[in-house]
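Asks: I'd like to ask some things about the structure below.
The values are calculated or read from the model by the stated rules, or taken from the named source; none is laboratory data. Here the structure is a predicted model, which means the values were calculated and not measured. Cβ coordinates were reconstructed from backbone atoms using ideal geometry, including for glycine residues, and neighbour counts include every protein chain displayed. The area values use the complete protein model at the heavy-atom level, side chains included, leaving out ligands, DNA and RNA. Shrake-Rupley method; radii C 1.70, N 1.55, O 1.52, S 1.80 Å.
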Amino acid sequence: APAPPPAPHLFSDPAEVKALRRDLLAWYDRCKRDLPWRTLIPALLPAVWVSEVMLQQTQVATVIDYYNRWMQRWPTLQALARASLEEVNELWAGLGYYSRGKRLQEAARKVVSELAGGMPRTAEDLQKLLPGVGRYTAGAIASISYGQPTGVVDGNVIRVLCRLRCIGADSSSPAVIDHLWDMANALVDRSRPGDFNQALMELGATVCVPKAPLCGQCPVKQHCRAQRRKLFGKAAPVPDVEDCGAGGCPLCPPATEPWDSSLGVTNFPRKAAKKQPRVAQTATCVLERRGCHGALEYLLVQRPSSGLLAGLWEFPSLPLPQDLQEEKQREALAQHLEAWLGQPVAAGDLRLIGEVVHIFSHIHQTYVVYSLPLDGDVTLDPASSPSRWVTEEEFHASAVSTAMKKVLGA
Ligand code: SF4
């Protein structure tokens, strides 16, 4: 069996664990934020599930409105299972990471059709049986909805635990992540696991924040080794327990980047340098026509049902090779549009509007925006992928990405 991590990175004193649980829960009872998914009966399962999925990668303030609309529309798993992907995408539009909504709906369908409407109740079963439910979501649902004493590790928990126990190795490395899960599972309060997990995440979101943590107001500061190290530095009046002392410790900061006293507790956590996003360029064309009531209409086409922005609607778009000259861009785009419209398009008629940049999680995407007003009626080829004409109002109610809204704005 692998050697246990060195003591400074552990909670090995049961009395301290007990005190930390008590202090954190007392603070949570006093200070927790009033969030819509907390005002419902906690056991009302879709509320916990939906909010946890929406909160991955997205701020609370953004999620609230989406969450309220979602729950109003699909208050039960049965209702969600009956929804179409189109409806899910429409509601999710603008929230980003669209596969989350799609997977949520697929999982609801599976619960209704294959599990007779009965949700798995443990973190292990949730993760095993439901598509798109990872370790974090499974732990959150099992502890909050079903009271299973199982921990959770999200970005906020990573930060809090790394500071509490001076963990300065790359926080995305398997050694650190495994250790944090072990610690979260050991720390979670046995009688109030859901509240404890929410309290730990809440602490990371409101007090132990990334840049300027409010250590003076922190309910667990007496258990925090980063804080102790900041206060006492090298001249600690007590033996410096925060120094691991184990050479080559997989949880300590690398020897090349030791503790920096100007950073204080924000020495922790540390991350390996982020991979640079891929640079991509796409030509996109806003095709306009006058609809039968005289209103301007735009052509939208649907993206494939898998991959980036699956099933979302967009203006006809064409990925471009790097550094393609404008003339060649026009020719390629004109050809692409011909395939949609079933009629010739002159490259010279395309009006260049400008560039719109949108950052997806891993892609730095530049849209080169063109427009083309069309005269007369245009019959779309029903054999091509789905496409439709929409007014501006319909555009905004459609399942379109934030990037396309920027394109229309341009
Ligand atoms: Fe975070 Fe400061 Fe509290 Fe430590 S004392 S857990 S660094 S807020």
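Asks: If Tyr370 satisfies all but one of (1) modelled with pLDDT of 95 or more; (2) closer than 30 Å to Thr58 by Cα, what's the number of the condition it fails?
Replies: For Tyr370, the failing item is (2).
Asks: Follow-up question, since we're still on this one. Determine if the range 103-111 includes at least one residue that is over 24 Å from Glu86 (Cα atoms), surrounded by fewer than 21 Cβ atoms within 10 Å (Cβ to Cβ) and charged (D, E, K, R).
Replies: No, every residue in the range 103-111 fails to be over 24 Å from Glu86 (Cα atoms), surrounded by fewer than 21 Cβ atoms within 10 Å (Cβ to Cβ) and charged (D, E, K, R).
Asks: In addition: So, Leu341, is that one touching a helix residue (DSSP H, G or I) at 6+ places or on another chain (Cβ under 8 Å) and in the same structural domain as Gly307 (by the TED database) or not?
Replies: No: the conditions fail for Leu341.
Asks: When the range 229-246 is examined, which residues are found to be open to solvent by 90 Å² or more (accessible area, probe 1.4 Å) and either within 12 Å of the ligand (Cβ to nearest atom) or at pLDDT 95 or above (or both)?
Replies: Lys230, Leu231, listed by residue number.
Asks: Considering only the range 153-200, state which residues are closer than 11 Å to His9 by Cα and of a type in the set (Gly, Ala, Ser).
Replies: Correct list: Gly168 only.
Asks: Then there is this: Within the range 171-196, take every residue that is open to solvent by 30 Å² or more (accessible area, probe 1.4 Å) and assigned to a helix (DSSP H, G or I) and give me the one that is farthest from Pro250 (Cα to Cα).
Replies: Looking at residues that are open to solvent by 30 Å² or more (accessible area, probe 1.4 Å) and assigned to a helix (DSSP H, G or I), I get Asp195.
Asks: Checking the conditions here, which among Ala199, Ala140, Ala226 is touching a residue at least 24 places away in the same chain (Cβ under 8 Å), in contact with a Gly (Cβ under 9 Å, 6 or more places away or on another chain), in a helix (DSSP H, G or I) and within 16 Å of the ligand (Cβ to nearest atom)?
Replies: One residue alone meets the criteria, Ala226.
Asks: Sticking with this one: For the range 207-223: of the residues being closer than 20 Å to Pro8 by Cα and either of a type in the set (S, T, N, Q) or free of Cβ contacts under 8 Å to residues at least 40 places away in the same chain (or both), which is least open to solvent (accessible area, probe 1.4 Å)?
Replies: Lys221
Asks: With respect to Glu355, determine if the residue is part of a strand (DSSP E or B) and buried (at least 19 other Cβ atoms within 10 Å of the Cβ).
Replies: When the stated conditions are applied, Glu355 does not pass them.
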